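Here the structure comes first, spelled out in structure tokens, and everything after it is commentary.
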Amino acid sequence: MITRLFPRTTRFSPSGEQAKRRFSPLTWAARIALLLCIAMPASVAPAADAPVQVTLDASKPGAVIDRNIFGQFAEHLGSGIYGGIWVGRDSTIPNTRGIRNDVVAALKALKVPNVRWPGGCFADQYNWRRGIGPERKPAVGEPNTFGTDEFMDFAQQIGTDAYISVNLGSGTAQEAAEWLEYMTAPPDDALGAERAKNGHPAPYKVAILGLGNESWDCGGAMSADFYVNEMKRFSHFVNNYNSAQRMKRVAVGPSGTAPTYTDAVMAAWKGRSYSWGIEGLSLHFYATGGWPPHLPSAGFDEKDYAALLKDAIGMDDMIKTQSAIMDKYDPEKKVALVVDEWGAWLAPTPGSNASSLTQQNSQRDAVLAALSINVFARHADRVRMANIAQMINVLQAMILTDKGKMVLTPTYHVFHMYVPFQDATFVPLTFDAGTYTTNGITLPRVDVIAARDKAGKIWIAVTNIDPKSPATFGVSLAGVKAKRASGQTLSAPKVDSVNTFDAPNIVAPKALAAKVASGKLTITVAPASVTVLGLE
Ligand code: AHR
């Protein structure tokens, strides 16, 4: 139930300063450099079809890519919960205690590390008491038949951690404290006993606690200082009583690119007392290609393909900017940057209810997902959690459902292919791929990351952004013993190819293997594709 969506844009016009610099006279050094570039173009920019030379440096491992960056977000919005997860115990759709079996089976394969629930903007108007016990109390547009016990059942069925966003906007600290007590206290506590009466004697585990959502807008339009005071009270009073689970707390972070919230929250954190704390700061970043969302999710052209990916790649700058502010107060990076809403936000599927935020999911979204995960992996020392928006039927979903039918999206396949990167250690590499330009939009031609899993196996993910040309990669594996590589590649007939209920495998991963010769792995991948290979 969204009443207002904030005008979020990831594109920036050049500032006055930048514009001024653009017309500054060139220095002599710059003129000479320019002349050299004109005289020797081949030496500075690889030809568009030249093999991409990648050099791995396995001797200098980076940070661990926290499995939590592969988290999901499930909000009471559109058919994300009702229809997508919950069909009710009496449904003819196969279910376990009302939760659809097909969706659970598909999500189990993703090894989803955590699910953020119940919102989003919805969280700041959620009354948890209406969603427990035998008598559910509906709100406008919300039947409350899927409440705390159903969410915890769902989390347990798919094998994930619960990330609970408490209502800091319209609710009180006491209500939130009692919700946590209901979920985590032993059954001899009054609220633990109520949970036991509702059929769940054992305390639940709450791994992550969200202290509000977008409090600068839909979460209460609070000034940063006002939010910090509220957040401190919630952090202090909302306790987890289940000692089997150390809970991390996530405060609200920046509105767009503004530094205000990040500065205020991090300054407060630096000067904190024993009584409160946070372990994460939230960042929301959607790729839209311009606000309000208008790019179609299917049936689009190469210009729209590039425009959306350009926005998505902007995640890197966004993280750098906010991390730099956090570094001022927390150079040891104790507080994680938690990108707990990200993904493509596109025009609603024609004919759908616009407020349900239903959109198709194409090969472009698969490329976008890979590029975004790669950004998180490169910032793994600070970005230790992320939640794609949203898991089912809403925005950039893993799964689409329609009554008894279910289809896996191209984004689902990327998350599945990237499972080996969960908790793997980042392996630095270098490559110079050149650029791909269309309709005045320039993007890198390819992207590559690598990581070493806990068993010592090296995994490489290569994305070919160029939608017109295949890309050949020559990966030098100095210091790595390997004879071959094998894995999966995800490509599609067109960048706007989608899976539908009638044709669910238009975009599906295919096996790919290659030999390693003289310490070098050579592979060629399709245009606009994502490939993940493990070295053997
Ligand atoms: O994901 C949809 C909405 O986007 C969320 O409810 C809100 O937090 C954000 O504005």
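The values are calculated or read from the model by the stated rules, or taken from the named source; none is laboratory data. Note that the structure is a prediction, hence the values are computed from the model and not measured. Ideal geometry is used to build each Cβ from the backbone, glycine not excepted, and the neighbour counts take in all protein chains shown.
Key figures
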{"item": "Qualifying residues in the stretch 245-263 (those that are touching a residue at least 60 places away in the same chain (Cβ under 8 Å) and among the small types (Gly, Ala, Ser)) - the one nearest to Asp317 (Cα to Cα)", "result": "Gly256"}
{"item": "Hits in the stretch 143-201 (condition: touching a helix residue (DSSP H, G or I) at 6+ places or on another chain (Cβ under 7 Å), surrounded by 21 or more Cβ atoms within 10 Å (Cβ to Cβ) and of a type in the set (Ser, Thr, Tyr))", "result": "Thr148, Ser165, Tyr182"}
{"item": "Residue match in the stretch 356-371 (condition: of a type in the set (D, E, K, R), surrounded by fewer than 24 Cβ atoms within 10 Å (Cβ to Cβ) and modelled with pLDDT of 95 or more)", "result": "no"}
{"item": "Ala251 vs. criteria under 19 Å from Cys121 (Cβ atoms), in the same structural domain as Leu168 (by TED's automatic domain parsing) and buried (at least 24 other Cβ atoms within 10 Å of the Cβ)", "result": "yes"}
{"item": "Matching option when the condition is assigned to a strand (DSSP E or B) and in contact with a helix residue (DSSP H, G or I) (Cβ under 7 Å, 6 or more places away or on another chain), among Val104, Val115", "result": "Val115"}
{"item": "Top-ranked residue in the stretch 218-240 [being crowded, with 17+ Cβ neighbours inside 10 Å and part of a loop (DSSP other than H, G, I, E, B); ranked as nearest to the ligand (Cβ to nearest atom)]", "result": "Cys218"}
{"item": "Selection count where residues are basic (Lys, Arg) and in contact (Cβ under 8 Å) with a residue 60 or more places away in the chain, scope the stretch 476-524", "result": "1"}
{"item": "Of all residues in the stretch 120-138 being more than 16 Å from the ligand (Cβ to nearest atom) and part of a loop (DSSP other than H, G, I, E, B), the one that is nearest to the chain's Cα centre (by Cα)", "result": "Asn127"}
{"item": "2 or more residues in contact with a Leu (Cβ under 9 Å, 6 or more places away or on another chain), touching a residue at least 12 places away in the same chain (Cβ under 8 Å) and among the aromatic types (Phe, Trp, Tyr): qualifying helices (runs of 4 or more DSSP H) within the stretch 310-426", "result": "410-417"}
{"item": "First in the stretch 70-96 and over 24 Å from Ile208 (Cβ atoms), second anywhere and within 14 Å of the ligand (Cβ to nearest atom) and modelled with pLDDT of 95 or more, Cβ under 6 Å, 6 or more apart", "result": "Ser79/Asn393"}
{"item": "Tally, over the stretch 313-358, of residues that are within 16 Å of the ligand (Cβ to nearest atom) and at negative phi", "result": "19"}
{"item": "Exclusive hit being within 30 Å of Ala173 (Cα to Cα) and charged (D, E, K, R), set Glu302, Glu279", "result": "Glu279"}
{"item": "Qualifying residue in the stretch 145-154 (condition: at pLDDT 95 or above, under 23 Å from the mean Cα position of the chain (by Cα) and within 17 Å of Ser79 (Cα to Cα))", "result": "yes"}
{"item": "Any hit, the stretch 120-130, residues being in contact (Cβ under 8 Å) with a residue 24 or more places away in the chain and more than 30 Å from Val228 (Cβ to Cβ)", "result": "no"}
{"item": "Residues satisfying the stated conditions in the stretch 267-282, i.e. assigned to a loop (DSSP other than H, G, I, E, B), of a type outside the set (Ser, Thr, Tyr) and surrounded by fewer than 21 Cβ atoms within 10 Å (Cβ to Cβ)", "result": "Gly271, Arg272, Trp276, Gly277, Glu279"}
{"item": "Of residues in the stretch 507-522 being aliphatic (A, V, I, L, M) and in contact with a helix residue (DSSP H, G or I) (Cβ under 9 Å, 6 or more places away or on another chain), the one surrounded by the fewest Cβ atoms within 10 Å (Cβ to Cβ)", "result": "Ala508"}
{"item": "Members of the stretch 164-201 found to be closer than 16 Å to Ile132 by Cβ, without any contact (Cβ under 8 Å) to a residue 24 or more places away in the chain and in a loop (DSSP other than H, G, I, E, B), listed by number", "result": "Pro187, Pro201"}
{"item": "Unique residue being part of a helix (DSSP H, G or I) and touching a strand residue (DSSP E or B) at 6+ places or on another chain (Cβ under 8 Å) when the list is Asp153, Asp149", "result": "Asp153"}
